[in-house]
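The values are calculated or read from the model by the stated rules, or taken from the named source; none is laboratory data. Please read these numbers as outputs of a predicted model, since none were measured by experiment. Counting neighbours? That spans all protein chains shown, and the Cβs are built from the backbone with ideal geometry, glycine included. With ligands, DNA and RNA removed, areas are computed over all heavy atoms of the protein, side chains included. Shrake-Rupley method; radii C 1.70, N 1.55, O 1.52, S 1.80 Å.
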Amino acid sequence: MPSRSPGTMEDKRNIQIIEWEHLDKKKFYVFGVAMTMMIRVSVYPFTLIRTRLQVQKGKSLYHGTFDAFVKILRADGVAGLYRGFLVNTFTLISGQCYVTTYELTRKFVADYSQSNTVKSLVAGGSASLVAQSITVPIDVVSQHLMMQRKGEKMGRFQVHGNLEGQGVIAFGQTKDIIRQILRADGLRGFYRGYVASLLTYIPNSAVWWPFYHFYAEQLSRLCPQECPHIVFQAISGPLAAATASILTNPMDVIRTRVQVEGKSSIVLTFRQLMAEEGPWGLMKGLSARIISATPSTIVIVVGYESLKKLSLRPELVDSRHW
């Protein structure tokens, strides 16, 4: 998510920054949940596709993102692209925790360093640590639901009943998966892949923020003086997301396999993947990941600044000019 622009951008574009203490927190959280929900609905199918591509052996089922999209749509309809979506919506909680942690940590670090890179890196990593502690159990359940399909079994667990919805409704499927995880792994099963998730998302978040500010700063120098700063922020967001995705995708593939296939070792999972599919196996699902990240990042970058404007405390509205 976008935040304050670096100092050079502030000087050149005269960007008025809305600080954490300037916000009406009630408005901020209400609008924030609504915005996040809209983003999730739009990108969830590509999250599901990415997960299936990362778990499949070689190209046994799908030959790429578009092929997977068409095949899932033909086999299961639109509903097939949203398997596990209801469970996944609970990650809205972790999303709000992420934003709060990021802003508060950035404010805290500012007392010790004025470097935008340092503030972004520490705050982004800390926010991801908090968010992942809440997200992993939800992810584990939703990923197993994503693996449910007609025909060949993809994950460890299989929902009992009719996947077309006549035998087992959405919450029934969720309950079934939860019971199977408990029987197989106990409560620890809900945190399977927790370390792998931290090794994926903490670097991803820590890398995204500095690259976002770097790209925005470079674009601010290239764009005409009259160009609104929101334009180059909207461009730099997806560029940062693509960069972070490329750097962290290998760990994301390993994380997904650990969680879905029930593996207990990150190192052994890595070795098996390399033996079976070679280095290119570490890039599986990358295009789907970038495709899902691009629109969401644009909306987040543009929406987050707008969200902060909408959430300004009433007494400060007249003192701000955009």
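Before moving on, here are some points about what is shown:
- Spin-label pair I246-W20: with each label point 7 Å from Cα along the Cα-Cβ axis, the two points sit 3.3 nm from one another.
- Rg over Rh for segment 100-149 works out to 1.26, both radii taken from alpha-carbon positions and Rh defined as the Kirkwood radius.
- Of all accessible heavy-atom area on segment 257-315, the percent that carbon and sulfur account for (1.4 Å): 68
- Ranking S113, L73, L92 by Cα position along the charge dipole of segment 25-125, where only Lys, Arg, Asp and Glu carry charges on their C-beta atoms, puts L73 farthest toward the positive end.
- Per-residue ³J(HN,Hα) for segment 212-225, Karplus 6.51 cos²θ - 1.76 cosθ + 1.60, θ = phi - 60°, Hz, x for Gly and Pro: 4, 5, 4, 5, 4, 5, 5, 5, 5, 7, 8, 6, x, 4
- Mean Cβ count within 10 Å, highest first, over the residues of peptides 57-67, 84-94: 84-94, 57-67
- Here the Karplus curve 6.51 cos²θ - 1.76 cosθ + 1.60, taken at θ = phi - 60°, turns the phi angles of segment 67-82 into couplings of 4, 5, 4, 5, 5, 5, 5, 5, 6, 10, x, 4, 4, x, 7, 10 Hz, with x standing for Gly and Pro.
- Karplus 3J(HN,Hα) series, Hz, for segment 101-113 with 6.51 cos²θ - 1.76 cosθ + 1.60 (x for Gly, Pro): 4, 4, 5, 5, 5, 4, 5, 5, 5, 4, 6, 10, 8
- Placed amide H near L312: partners under 5 Å, 5+ positions off or other chain: D24
- Fully extending the segment from E261 to V33, taken as 0.36 nm per residue of separation minus the present Cα-Cα distance, adds 78.9 nm.
- Using the Cβ-Cβ distance between R179 and K107 with R0 set to 45 Å, the FRET efficiency from 1/(1 + (r/R0)^6) comes to roughly 0.55.
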